[in-house]
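> My questions will all concern the structure given below.
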Number of protein chains: 4
Amino acid sequence: MAYFQARTDLALEAREYVEDANGELRGVIVEEYEREKIGMHITKVQITTQNSAKLLGKPKGTYITLEIPGLCESGETSDVSEHHEEIAKEISLQLRELLPQKQESLQVLVVGLGNRDITADALGPAVAEHLYISRHMLQEFGEMGLGKNNFAITSCIVPGVMGKTGMETAEIVKGIVRETKPHAVLVIDALAARSTKRLNRTIQISNTGIHPGSGVGNHRNAIDEEALGIPVIAMGVPTVVDAATIVEDALEKMHKELNETAFLQARDSMVLNQLHNMYVTAKDIDTTIKRVSFTLAEALNMTFEEGVKQA
Amino acid sequence: MAYFQARTDLALEAREYVEDANGELRGVIVEEYEREKIGMHITKVQITTQNSAKLLGKPKGTYITLEIPGLCESGETSDVSEHHEEIAKEISLQLRELLPQKQESLQVLVVGLGNRDITADALGPAVAEHLYISRHMLQEFGEMGLGKNNFAITSCIVPGVMGKTGMETAEIVKGIVRETKPHAVLVIDALAARSTKRLNRTIQISNTGIHPGSGVGNHRNAIDEEALGIPVIAMGVPTVVDAATIVEDALEKMHKELNETAFLQARDSMVLNQLHNMYVTAKDIDTTIKRVSFTLAEALNMTFEEGVKQA
Amino acid sequence: MAYFQARTDLALEAREYVEDANGELRGVIVEEYEREKIGMHITKVQITTQNSAKLLGKPKGTYITLEIPGLCESGETSDVSEHHEEIAKEISLQLRELLPQKQESLQVLVVGLGNRDITADALGPAVAEHLYISRHMLQEFGEMGLGKNNFAITSCIVPGVMGKTGMETAEIVKGIVRETKPHAVLVIDALAARSTKRLNRTIQISNTGIHPGSGVGNHRNAIDEEALGIPVIAMGVPTVVDAATIVEDALEKMHKELNETAFLQARDSMVLNQLHNMYVTAKDIDTTIKRVSFTLAEALNMTFEEGVKQA
Amino acid sequence: MAYFQARTDLALEAREYVEDANGELRGVIVEEYEREKIGMHITKVQITTQNSAKLLGKPKGTYITLEIPGLCESGETSDVSEHHEEIAKEISLQLRELLPQKQESLQVLVVGLGNRDITADALGPAVAEHLYISRHMLQEFGEMGLGKNNFAITSCIVPGVMGKTGMETAEIVKGIVRETKPHAVLVIDALAARSTKRLNRTIQISNTGIHPGSGVGNHRNAIDEEALGIPVIAMGVPTVVDAATIVEDALEKMHKELNETAFLQARDSMVLNQLHNMYVTAKDIDTTIKRVSFTLAEALNMTFEEGVKQA
């Protein structure tokens, strides 16, 4: 059992963390693939039992993780990744697997979570900025307004953070869902990873929604199928590491390698309390957010354009 | 009767427009005051009959207009108006007259309408930025979280424009009101005036809500008491004039002064059709929006702080 | 001779304006082409004499105007014009004609003029945002740092407006040019047109630089070859019309068609003085600026990438 | 001697760091004061010899540090610190000590360093946004344009980061100084601290300018009196800690307390290499930057308004 609890939004990392100590894990199915051409590694983690959910601190469901070293790199002469197009296409394919299948056009409400005034937290608002939104065209002009038949019908909200709205995001989304009746909600958010090496190059797509503040249990503020009554797909990219995690990880490793006295001395040298409410992020986070949000938006636009034709 | 229909959000201007032709107007009560110290002229227009509402193209209700030449001027060495504090206080007093009176703390949802990416339309989002929001503090810490007893309890949403959300603003607000149950809604928006001389120096506060696109009649997208079931106060400042209005006003005047042949020749010289979807705005609109939104937010913060103590 | 002076930054319009009254014009050579596939009309105006320069209110030199109705339109399912790529290529070709030819890599300082806080004036800063800048790579890593040999070497400054800097833009640019010694300056700016029908769909490229405030004569604040000692190419898109122009144009037409008494009556009906410091702009200026700046930046990136290989 | 080199922009921290190991330090004079009413602790560090400069990794000169726990806190019902006014006044007093004294009005070029797209690095641009700039008023209207006689004359540039300009900031500033000839340069920048407990509540004012990338020695990119020929005052607030520093500080402490074997094991447990190019910052950095930049701008405006009357 780990000495500290993992602070990560990635199921992939939570699994590694538990596995380190326990080896195999019942109630968790893991599959892995490669997309060699674009250097993408895909891991599909399915948490199938309440027990394994509790152990990993993540709700039951499917978590698809795409590791793409080139995601936040610029091309030789352009501002986006060289494989931008192929990466977006692969993301779109994976996203489509988790979206519900409908006979009619799928109505999706996209929710861009996060704080647009903090660079590392602005992924959701930045993706929203680039989306092709169509619901009002349908309302106003009927099917003609969509440009093509069978386009997915999209709406989008950037609710803002609780310090500025005074409301839980879950309250805002619930209200809008009841009023506008989409078939599914797609939440975009910046995530926290446990390791800096995953920052800005990993995409997690899950069908378990969003559970701010906690893992399993506290459903008051959850944005998930249980709360909204429709499927909630969450898509995120880790952009920060909780600062305390960096030191905790070091201590975790020392705990195995040092004797108890040395470990306790080492732990007391650490300055964990001054890291409260601090996070670690990359120095070039502004260009990174621009590139990643551009590719994610492209993937979403691809999905919404062709989504229904495939159904 | 006017040759063209007035394109103005100001009841004050609509009244002048109709009055020009008709003299007195049944079903409209007008009172005027001066606040000489801060150079403020206050006009209270009450539209009391369905008939006068139709004639003015504005719903029945009360419209308070504050004309403040100094509103968008900088002080001698600071960035806000010299009378900033007194102006905010007077706005607060007028706003309080239209807000409902409660025994308990008043729960207000502020809605910052408009497009934050277009300077002249960004008043609502800019005011929202400066508000002191408290509802989540009450939820989390109880009355202690508010700092003082009997503070008004505020929440706030900046819904964004339909082209980016795919939803009517009325749908978004309705959903959030049903979920969070405020006592009143306060909508902040940039308005269109008919005359450039009113731009950025006039504040209109009304208890009639917002009726995008039309005046009376079309209630589908209205944000008003009838639609939401709670009082809706609207507060706005004209920042643009519809471009066609400038030419229409000139034609209107010519219509009275020229003979018919000359007038028709004059009208044909006008280029009205190229003004479709154009607006007129001030060249220094960026600093203006900053100053005005700062003063409006101050007025709102004053209102919310003391609002209930007065009740 | 025109009754009012034309307020336009477009040589094309200045010529039309004078031509309306005078027919042909000595000292002005005009050539026109079509690029039918992308619906582009190209006009090349050369002002060759001091006299014609004075008449048109524009300095001697070459003005290439690209009229592209599709420039600010979105594609069917994407956010940029369908012919985005071809349009950028054609702009790049025209731009290259005016840039100096060098044996070595061309060093260009791009200047993004305008106010990033006013949507209609933010074209320069928005284009700057998307540029591929390379000069510091060369300084740090030598030719290896550029990715390819013979890439043009680019630097970029967004100086901000005088109200915020307290300095003439010409002073800022002059200082930076002396210190960093580029071969040429490329200024990007939002322009004023005389007709709203040219807004957001016209690109003007000239080798005459920028002369804020006036046409010919006042060289104190000019950003041109005479002031900087190196070629200055200016590229701009009209995004606003001076509000007074709309009315002046109507009066101009009336002056020809009405008798003197009727005209004077008509003129007095006009409200020119209230239009001082006002401008007319499109209601969807935010998405327009995004699209146009994206296409212009693409054109510049193409030019800098291949510019020298062609030389 | 310290095991790792301190990564801090604060002379105060550099001194503590060296002192920990060495006790007293020749060539460094330290004075301390309290301003009890506003909870401010003032430390004045003078580095007087080349040797102590090298030891501390900071150029010779005077460093005034103001520690103000309330700097980034909001008041009870407003968005700025309760002692905002008094804090600004004290900062202004300290700043005035380092600014040159002139018989005539002092001409100051303010330089807002940093990246406006990264929240934690946006302090310089944010302060610049709120400054009262006057130089162009003097140029245009003479002394009348300044509102009062003997106002300090201010200009301001926000140069942007090298990745976007392709130029060293020193090149840009040097060019502008030569062209516009101010008496002094005042550089505003976000700093890196060594300890998170100093973040957002410490202001350092020095007369040594800015030396990006290194401490002493590398003068190529320095913005200081030697490079510009006029006094350069630097004012900054630490908003980030280099991520590697957190771990290095822990190791430093272990080095003293653990035996060598345990220490080496501990060190190997650390993940220093994954912290390259990462920084630690506060989660509420957006509201912090807003508050701090507002107070700093107020302090600067006070200084410029009264600066010369005192001389």
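The values are calculated or read from the model by the stated rules, or taken from the named source; none is laboratory data. All values derive from a computational prediction rather than experimental measurement. All Cβ positions, glycine included, derive from the backbone under ideal geometry; neighbour counts span all protein chains shown. Surface accessibility is based on the protein's heavy atoms, side chains included, excluding ligands, DNA and RNA. Shrake-Rupley method; radii C 1.70, N 1.55, O 1.52, S 1.80 Å.
> Can you list residues from other chains, or at least 5 along the same chain, whose modelled amide H is less than 5 Å from the amide H of A:THR202?
A:ILE68
> Quick one: of the DSSP bridges fully inside the protein assembly as shown, what percent are antiparallel, nearest 5?
Once the DSSP bridges in the protein assembly as shown are tallied, antiparallel ones form about 60 percent.
> Would you calculate a helix-derived [θ] at 222 nm for chain B, using -39,500 (n - 2.57) for each DSSP H run of n ≥ 4 and dividing by the full residue count, to the nearest 500? Could you put the intermediate results ahead of the total?
Numbers: 11 runs with 119 residues, N = 311.
Helix-only estimate at 222 nm: -11500 deg cm²/dmol.
> Excluding ligands and nucleic acids, what accessible area in Å² is computed for A:HIS183 using a 1.4 Å probe, to the nearest 10?
Counting only protein heavy atoms, the figure is 40 Å².
> Ordered shortest first, which distances in nm separate the 7 Å Cα→C-beta label point of B:LYS54 from those of the other copies?
Label-point separations across copies, in nm and ascending: 6.4, 6.9, 9.3.
> Taking springs between alpha-carbon atoms closer than 10 angstrom, which of C:LEU228, C:LEU106, C:LEU275 fluctuates most in the Gaussian network model of chain C?
Comparing C:LEU228, C:LEU106, C:LEU275 in a Gaussian network model of chain C, the most mobile one is C:LEU275.
> GNM, chain C, Cα, under 10 Å: largest mean-square fluctuation among C:ASN277, C:ASN115, C:ASN301?
Comparing C:ASN277, C:ASN115, C:ASN301 in a Gaussian network model of chain C, the most mobile one is C:ASN277.
> Sticking with this structure for a sec: Skipping prolines and chain starts, which residues have an amide H placed within reach, meaning under 5 Å, of the one on C:LEU191, given they are 5 or more residues away or on another chain?
C:VAL237, C:THR239, C:VAL240
> Can you list, shortest first in nanometers, how far C:GLU260 lies from the same residue in the other copies, with each label 7 Å from Cα toward Cβ?
2.8, 10.9, 11.2
> Right, here's the next one. To the nearest whole number, what is the average tally of beta carbon atoms from other chains within 10 Å of the beta carbons of peptide C:119-130?
Numbers: counts 10, 6, 4, 3, 0, 0, 1, 0, 0, 3, 4, 3.
Per residue, the average neighbour count from other chains is 3.
> Additional query: When DSSP beta bridges are limited to those with both residues in region A:11-306, what percentage is antiparallel, rounded to the nearest 5? Write out the running numbers ahead of the final one.
Values: 27 of 46 bridges.
Of the beta bridges lying entirely in region A:11-306, close to 60 percent run antiparallel.
> Pop out the ³J(HN,Hα) list for region B:179-193 in order, Karplus 6.51 cos²θ - 1.76 cosθ + 1.60 with θ = phi - 60°, rounded to Hz; leave Gly and Pro as x.
So the Karplus estimates, Gly and Pro as x, are 7, 10, 6, x, 7, 7, 10, 10, 9, 10, 8, 7, 10, 9, 9 Hz.
> In peptide A:256-269, what is the residue-averaged number of other protein chain Cβ atoms found within 10 Å of each Cβ?
5
> Considering only Cα-Cα distances, which of the following residue pairs are longer than 21 Å: C:LYS174/D:LYS60; A:LYS54/A:LYS102; A:LYS164/B:LYS44; D:LYS197/D:LYS253; A:LYS54/A:LYS253?
C:LYS174/D:LYS60; A:LYS54/A:LYS102; A:LYS164/B:LYS44; A:LYS54/A:LYS253
> If you don't mind, another one. Determine which chain A residue has its Cβ at minimum distance from the rotation axis mapping A onto B, giving the value in whole Å.
Measuring from each Cβ to the axis, the minimum is at A:GLY175, 2.
> Output needed: percent of Cα pairs per 10 Å distance bin for chain B, bins running from 0 to the one holding the longest distance.
Bin by bin from 0 Å, the calculated values are 6, 26, 34, 23, 8, 2, 1, 0.
> OK, next. Specify whether the C-alpha gyration tensor of the protein assembly as shown places it in the rounded, prolate or oblate class, a ≥ b ≥ c being the square roots of the eigenvalues: rounded for a/c under 1.5, otherwise prolate if a/b is larger than b/c and oblate if not.
rounded
> Here is a further query. What total accessible surface area, summed over both chains, is buried at the interface between chains B and A, computed with a 1.4 Å probe and given in Å² to the nearest 100?
2200 Å²
> Here is a follow-up. Under the Karplus relation 6.51 cos²θ - 1.76 cosθ + 1.60, θ = phi - 60°, what is the ordered set of whole-Hz ³J(HN,Hα) values for region A:55-70, x standing for Gly and Pro?
Using θ = phi - 60°, the values come out as 4, 8, x, 9, x, 4, x, 10, 10, 9, 10, 10, 9, 9, x, x Hz.
> Relative contact order (percent) for chain A, with alpha-carbon contacts under 8 angstrom and 6 or more residues of separation?
Reported relative contact order: 23 percent.
> Carbon and sulfur together cover what percent of the accessible area of chain A at a 1.4 Å probe radius?
Roughly 47 percent of what the probe reaches on chain A is carbon or sulfur.
> What are the distances, in nm and sorted shortest first, from the label point of B:ASN221 to the label points of the same position in each other copy, with each label point placed 7 Å from Cα along the Cα-to-Cβ direction?
3.4, 4.0, 5.1
> Using each residue's phi in region B:289-303, evaluate 6.51 cos²θ - 1.76 cosθ + 1.60 at θ = phi - 60° and report the 3J(HN,Hα) Karplus result to the nearest Hz, with x for Gly and Pro.
Coupling constants for region B:289-303: 4, 4, 5, 5, 5, 5, 5, 5, 5, 4, 4, 5, 4, 4, 4 Hz.
> Can you tell me which of A:LYS283, A:LYS174, A:LYS54 moves the most in a GNM of chain A? Springs connect C-alpha atoms under 10 Å apart.
Comparing A:LYS283, A:LYS174, A:LYS54 in a Gaussian network model of chain A, the most mobile one is A:LYS283.
> Further question: State in Å² the accessible area per residue of chain B; use a 1.4 Å probe, count heavy atoms of protein chains only, and round to the nearest integer. Mind dumping the intermediate values first?
Values: 12660 Å² over 311 residues.
Counting only protein heavy atoms, the per-residue value for chain B is 41 Å².
> Partner chain Cβ atoms within 10 Å, averaged over the residues of D:178-191 - can you pull that number for me?
2
> Keeping all protein chains in the complex and leaving out DNA, RNA and ligands, what accessible area do you get for D:ARG35 with a 1.4 Å probe, in Å² to the nearest 10?
Ignoring ligands and nucleic acids, D:ARG35 comes out at about 90 Å².
> Just the accessible area for D:MET278, please: 1.4 Å probe, Å², rounded to the nearest 10?
20 Å²
> Something else about it: Between 0 and 90 degrees, rounded to the nearest ten: what's the tilt of helix D:243-257 against the longest Cα principal axis of chain D?
40 degrees
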